[in-house]
Amino acid sequence: MSTDQKTLDYDMKVTREVSRQAEVFYDEAVKLGDHAARAFGGSKEHRSQMTGLETIANSTFKTTDVFDYVKKQTARHREWQQTDAQSGAPNESFGERLLKQLQGEFTGKADGIAKRLGVGNTTDEDKQERRHIHLLLMRVFIRQMVVQYEYAASFGNTRRRG
Amino acid sequence: MLTTAQERKISLLSDTILYDEAVTLMRRISPLPTSQIMGLLNNTRVSSYGQLYAYIIHQRDRNWQDSKQGTKVFYTELEKVLSQMRKKRAIEEFRLLTPGLNSQQANLEADEVMAALSREFIQHLVAENNLRAELQRAQAPAQRNRR
């Protein structure tokens, strides 16, 4: 098998693993999207904060750029500090919930995928691959969350999907 | 100028080591008001490592009022982290410097590497600081109301 074919096979496996996880965390992304809709509303300025998050996640190669962005926004904007009585964690702000998900949850999920795909944890190449997987998971989650936010905010409908 | 391999390595270190260390440092000390820390962040964007380091030393050694001793502690801790990184970690742990350079070339390269490393570290530090400062500020009225 050629190197190109091996790379293609590997990339397909990563895509499949990330898609599988995306099914698992979809409900959590919807909950956070709803939380965002209740906290932000649908004004143009607030929408741009959510799309700004998506842009950062899609353009950076560093997971920590996304974490720092979430922290910065949470420190700066009242909406990111809003708690949500309807969420499972009524004392946690939107920013804190999002950060917990992106940092905590996805580190474990990325490690699980890496292990299943035979990616080690010692060389720089291994570590680069692990963080690449982590970044892919975050991008999918943020996309799902922003779609739900747009949907809920556009219709003024922040009820959970049926 | 840093090589692509050095830039890639610094980016990896930022995610795997520097971020956690910045968060850990901020958990040990009190956050500074956002306004006091933005000067530091701006310095990482426009200064050489030498200028940045001089700024940190200057802030550390200023005669701070008692109410602002937290700022002195912050810059004291930051200086320790960066000088340790410059003297030892960049070479032995991170392996970022090119072997076989003469001392002038090695110093120049070390300064460039440190400028990039400190930019990453301070970006994480400032993000964590500002989040903690804001959460603390938000909690303060609630605590006052409970008294």
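The values are calculated or read from the model by the stated rules, or taken from the named source; none is laboratory data. Fair warning: this is a prediction, and the values are worked out from it, not measured in the lab. Here the Cβ positions follow ideal geometry from the backbone for every residue, glycine too, while neighbour counts run over all protein chains shown.
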Subject >> Flag for B:Phe94 being crowded, with 19+ Cβ neighbours inside 10 Å, at pLDDT below 95 and not polar (S, T, N, Q) >> reply: yes
Original post:
Of the residues A:Arg78, A:Arg38, which is of a type in the set (Lys, Arg) and within 14 Å of chain B (Cβ to nearest Cβ)?
Top reply: A:Arg78
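Conditions (1) more than 30 Å from B:Leu13 (Cα to Cα); (2) buried (at least 19 other Cβ atoms within 10 Å of the Cβ), marked per residue:
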site	(1), (2)
A:Gln5	yes, no
A:Ser43	yes, no
A:Arg47	yes, no
A:Gly52	no, no
A:Arg76	no, no
A:Gln82	yes, no
A:Asn91	yes, no
A:Thr107	no, no
A:Ala114	no, yes
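It is to be established whether one or more residues within segment A:47-68 are touching a strand residue (DSSP E or B) at 6+ places or on another chain (Cβ under 7 Å) and not hydrophobic (A, V, I, L, M, F, W, C).
No; the residues of segment A:47-68 include none that is touching a strand residue (DSSP E or B) at 6+ places or on another chain (Cβ under 7 Å) and not hydrophobic (A, V, I, L, M, F, W, C).
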Original post:
Looking at B:Leu96, is it under 22 Å from B:Leu25 (Cα atoms), aliphatic (A, V, I, L, M) and touching a residue at least 40 places away in the same chain (Cβ under 8 Å)?
Top reply: no
**OP:** Could you tell me whether any residue of segment B:74-91 is more than 13 Å from the chain's Cα centre (by Cα), among the aliphatic types (A, V, I, L, M), over 15 Å from B:Ile122 (Cα atoms) and surrounded by 15 or more Cβ atoms within 10 Å (Cβ to Cβ)?
**Re:** yes
Original post:
How many of the residues in segment A:95-127 are farther than 20 Å from A:Gln73 by Cα, small (Gly, Ala, Ser) and under 21 Å from the mean Cα position of the chain (by Cα)?
Top reply: 4
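Assigned to a helix (DSSP H, G or I), basic (Lys, Arg) and closer than 18 Å to B:Gln6 by Cα, is that true of B:Arg95? Walk me through it before giving the result.
Details: assigned to a helix (DSSP H, G or I): no; basic (Lys, Arg): yes; closer than 18 Å to B:Gln6 by Cα: yes.
So B:Arg95 does not fit the description; no.
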**OP:** Please give the number of the condition B:Glu7 fails out of (1) assigned to a helix (DSSP H, G or I); (2) away from every other protein chain (no Cβ under 14 Å); (3) touching a residue at least 24 places away in the same chain (Cβ under 8 Å).
**Re:** (2)
Subject >> Enumeration of residues in segment B:18-45 that are surrounded by fewer than 20 Cβ atoms within 10 Å (Cβ to Cβ), at the interface with chain A (Cβ under 10 Å from one of its Cβ atoms) and either touching a Cys at 6+ places or on another chain (Cβ under 6 Å) or under 19 Å from B:Ala90 (Cα atoms) (or both) >> reply: B:Asp20
Original post:
Considering segment A:121-157 alone, what residues qualify as being more than 21 Å from A:Lys13 (Cβ to Cβ) and β-branched (Val, Ile, Thr)?
Top reply: A:Ile142, A:Val146, A:Val147
**OP:** May I ask you to list the residues in segment B:56-68 that are assigned to a helix (DSSP H, G or I), surrounded by 12 or more Cβ atoms within 10 Å (Cβ to Cβ) and more than 12 Å from the chain's Cα centre (by Cα)?
**Re:** B:Ile57, B:Gln59, B:Arg60, B:Asp61, B:Lys68
**OP:** Any residue in segment B:40-59 that's closer than 16 Å to B:Ala110 by Cα: show its pairings with residues that are basic (Lys, Arg) at Cβ separation under 7 Å, as long as the two are six or more apart or on different chains.
**Re:** B:Thr44/B:Arg119
Subject >> Complete set of residues in segment B:99-118 that are surrounded by 13 or more Cβ atoms within 10 Å (Cβ to Cβ) and over 19 Å from B:Tyr53 (Cβ atoms) >> reply: B:Leu101
Original post:
Hey, B:Ser48 hits all of (1) within 14 Å of chain A (Cβ to nearest Cβ); (2) polar (S, T, N, Q); (3) surrounded by 12 or more Cβ atoms within 10 Å (Cβ to Cβ) but one; which does it fall short on?
Top reply: (1)
